[in-house]
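Have a look at the structure below, then the notes.
The values are calculated or read from the model by the stated rules, or taken from the named source; none is laboratory data. None of these values were measured; they are calculated from a predicted model. Glycine also receives a Cβ, built like all others from the backbone with ideal geometry; neighbour counts cover every protein chain displayed. Side chains included, ligands, DNA and RNA excluded: accessible areas come from the protein's heavy atoms. Shrake-Rupley method; radii C 1.70, N 1.55, O 1.52, S 1.80 Å.
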Amino acid sequence: SQSKHGEEMAALIQAAEVLARTGQDALHAAALHRLGTTHGLQGMYAEAEEYLRHAQAIFSSLEETRGEAGALLSLGYLYCMQDRNGEAEECFVQARVAFAVVADEEGEAEALDNLVGAYAVQDKFGDAKVACMEACEMYALRGQPMSDVCTMTWELLQSLEEHPLESLLERFSEF
């Protein structure tokens, strides 16, 4: 299985090189994006970041906003996996704006969801609440239920409002 995966990666790298040489920039960027996400899932974070940044730059130069938004979203995920939450936040904010520019509501909602999580893990609860309400509104307008991220974060925020952190700590110290 490992050798088959290695062969697939080598083929994808070779395809990306051919696409670059033949001037098929949008396909080249898409291949780099795929390489970046695959490397990220394998824990090869430096390589993943390099591929994703390169894909983002190509999409940006082509004014391919949807592709750039997707690369930013993937970079945000990559940074979250490394607890680089400030950088993840920046990527999710940029991805949200880019998805809004191309009227991709599903992508914008996904970026908002992830932004909620990035804010929450940084203890930016006010920002998380605002983003969560915006995401909830988007889901409601689309006739969809809230995402799991939004639901869990909303419940956490409500709990913190009802029982400030000091109160929660007191309760846990009783056990």
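Test ALA46 against the stated conditions and say whether it is small (Gly, Ala, Ser), within 22 Å of ALA31 (Cα to Cα) and more than 14 Å from the chain's Cα centre (by Cα).
Values: small (Gly, Ala, Ser): yes; within 22 Å of ALA31 (Cα to Cα): yes; more than 14 Å from the chain's Cα centre (by Cα): yes.
It is true that ALA46 is small (Gly, Ala, Ser), within 22 Å of ALA31 (Cα to Cα) and more than 14 Å from the chain's Cα centre (by Cα).
Which condition number does ALA95 fail, the rest of (1) under 22 Å from ALA26 (Cα atoms); (2) in contact with a Phe, Trp or Tyr (Cβ under 6 Å, 6 or more places away or on another chain); (3) at pLDDT 95 or above being met?
It fails just one condition, (2).
Looking only at residues that are among the acidic types (Asp, Glu) and farther than 16 Å from TYR79 by Cα in region 14-62, which one is most open to solvent (accessible area, probe 1.4 Å)? Talk me through it step by step, then tell me what you get.
Going residue by residue through region 14-62, those that are among the acidic types (Asp, Glu) are 17, 25, 47, 49-50.
Checking the rest, the ones that are also farther than 16 Å from TYR79 by Cα come to 17, 25.
Working: GLU17: 98, ASP25: 65 Å².
Once the filter is applied, the top-ranked residue is GLU17.
What number of residues within region 104-155 satisfy the criterion of being in a loop (DSSP other than H, G, I, E, B) and either of a type outside the set (D, E, K, R) or touching a strand residue (DSSP E or B) at 6+ places or on another chain (Cβ under 7 Å) (or both)?
Let us first name the residues in region 104-155 that are in a loop (DSSP other than H, G, I, E, B), namely 104, 122-124, 142-147.
Right, trim to either of a type outside the set (D, E, K, R) or touching a strand residue (DSSP E or B) at 6+ places or on another chain (Cβ under 7 Å) (or both) and you get 122, 143-147.
Within region 104-155, residues that are in a loop (DSSP other than H, G, I, E, B) and either of a type outside the set (D, E, K, R) or touching a strand residue (DSSP E or B) at 6+ places or on another chain (Cβ under 7 Å) (or both) number 6.
Tell me which residues, restricted to region 83-103, are open to solvent by 50 Å² or more (accessible area, probe 1.4 Å) and not in a helix (DSSP H, G or I).
If the condition is that a residue be open to solvent by 50 Å² or more (accessible area, probe 1.4 Å) and not in a helix (DSSP H, G or I), then ASP83, ARG84, ALA103 are the ones that fit.
Search region 29-43 for residues that are closer than 19 Å to GLU64 by Cα and pair each with any residue that is assigned to a helix (DSSP H, G or I) and among the hydroxyl-bearing types (Ser, Thr, Tyr) when their beta-carbon atoms are under 6 Å apart and the residues are at least 6 apart or on different chains.
Final answer for the pair search is LEU32/TYR51; LEU35/TYR51; GLY36/TYR51; THR37/SER74.
I need every pair where a residue in region 53-72 that is touching a residue at least 12 places away in the same chain (Cβ under 8 Å) has its Cβ under 6 Å from the Cβ of a residue that is surrounded by 17 or more Cβ atoms within 10 Å (Cβ to Cβ) and polar (S, T, N, Q), sequence separation at least 6 or different chains.
GLU68/GLN56; ALA71/GLN56; LEU72/GLN94
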